[in-house]
Amino acid sequence: MRKPDGKIVLLGDMNVGKTSLLQRYMERRFPDTVSTVGGAFYLKQWRSYNISIWDTAGREQFHGLGSMYCRGAAAVILTYDVNHAQSLLELENRFLGLTDTASADCLFAVVGNKVDLSEEAPREGGQGGGRDPGQAGGGSSGSKQVQLEDAMAFYKKILKYKMLDEKDVPAAEQMCFETSAKTGKNVDLLFETVFDMVVPVILRQRAQAPPQTVDIASAPPPARTRSGCCS
Ligand SMILES: Nc1nc2c(ncn2[C@@H]2O[C@H](COP(=O)(O)OP(=O)(O)OP(=O)(O)O)[C@@H](O)[C@H]2O)c(=O)[nH]1
Ligand SMILES: [Mg+2]
């Protein structure tokens, strides 16, 4: 298997729909999911590049792994649930710091998932789209709690945290998405926008990487070794 050329990581609280988004994009379906343990990855061929996309666990107990998954990432997709305001706050409080290990010119996308729930007529006391509404990061009430402008304001906080100038990075309008893994709304747009933007990052990473070849002429002669059995 060829080594991936670049890495994209999905981060976000448990139950926001990271695994579902990836399955919708990669497998074109919306299956039942179980809460992710550790992490898992998919490989995507995009043009001539091999991109790995890492799905991480949002559960608190796996938090320590997040910065490991982010190491060298060319893009991070920070995911929240539009019907659960706390999940956007968690991105700022708990997940943004995990991206310190990402590539210096890492791109950020902010994704509000489960818009289908807020597009449906509100149901009396309704809960939906979540495995366990009682848990932290759990259920979605089905009434939209986070607006796209809130996500764009968070995107600007990311730039501030990373000390990036707005002029040097894609605009918030380009990098904030509202999606539904259930209906597929904006899912292709999200991933394919990120893939397109990641290609120049991959090319820059390649240009900065130490050469992978060895100059045989200048390499020292190998030390003589004895071989044979030791009996
Ligand atoms: N209605 C609706 N439900 C969704 C959507 N995306 C995910 N869900 C549901 O939300 C629950 C959690 O989805 P997952 O994709 O497993 O969430 P996750 O972010 O991967 O969670 P962890 O692996 O625990 O971090 C599941 O019951 C999904 O079916 C969506 O767009 N709309
Ligand atoms: Mg998951």
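Points to keep in mind about this one:
- Candidate set from the stretch 10-38 (those that are crowded, with 16+ Cβ neighbours inside 10 Å and on the phi > 0 side of the Ramachandran plot); member that is nearest to ligand 1 (Cβ to nearest atom): Gly17
- Conditions (1) small (Gly, Ala, Ser); (2) away from ligand 2 (no atom under 13 Å from the Cβ); (3) part of a strand (DSSP E or B): number failed by Ala40: (2)
- Only one of Leu43, Leu96 that is within 21 Å of Ala181 (Cα to Cα), away from ligand 1 (no atom under 16 Å from the Cβ) and surrounded by fewer than 20 Cβ atoms within 10 Å (Cβ to Cβ): Leu43
To keep it simple, each residue is scored yes or no on (1) out of contact with any Gly (no Cβ under 8 Å at 6 or more places or on another chain); (2) closer than 21 Å to Asn93 by Cβ.
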| site | (1), (2) |
| --- | --- |
| Lys7 | no, no |
| Val16 | no, yes |
| Leu21 | yes, no |
| Glu27 | yes, no |
| Gly39 | yes, yes |
| Ala57 | no, yes |
| Gln61 | yes, yes |
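- Of all residues in the stretch 154-179, those satisfying the criterion of being part of a helix (DSSP H, G or I) and over 18 Å from Ala75 (Cβ atoms) are Lys160, Lys167.
- Matching option when the condition is within 14 Å of ligand 2 (Cβ to nearest atom) and touching a Cys at 6+ places or on another chain (Cβ under 8 Å), among Leu65, Leu11, Leu22: Leu11
- Tally, over the stretch 53-88, of residues that are touching a Ser or Thr at 6+ places or on another chain (Cβ under 9 Å), closer than 20 Å to Ile202 by Cα and more than 11 Å from ligand 1 (Cβ to nearest atom): 11
- Exactly one residue out of Lys3, Lys7 is touching a residue at least 24 places away in the same chain (Cβ under 8 Å), outside any strand (DSSP E or B) and more than 16 Å from ligand 1 (Cβ to nearest atom): that is Lys3.
- Cross-chain or 6+ apart pairs with Cβ under 6 Å, the stretch 79-104 first and within 16 Å of ligand 2 (Cβ to nearest atom), then assigned to a helix (DSSP H, G or I) and of a type outside the set (A, V, I, L, M, F, W, C): Thr79/Lys18; Tyr80/Ser87; Asp81/Ser87; Leu98/Gly66; Leu98/Ser67
Just so you know, all these numbers are worked out from the coordinates, no wet-lab data involved. Since we're looking at a predicted model, the values are computed, not measured. Don't worry about glycine lacking a Cβ; one is built from the backbone with ideal geometry, like all the others, and counts go over all protein chains shown.
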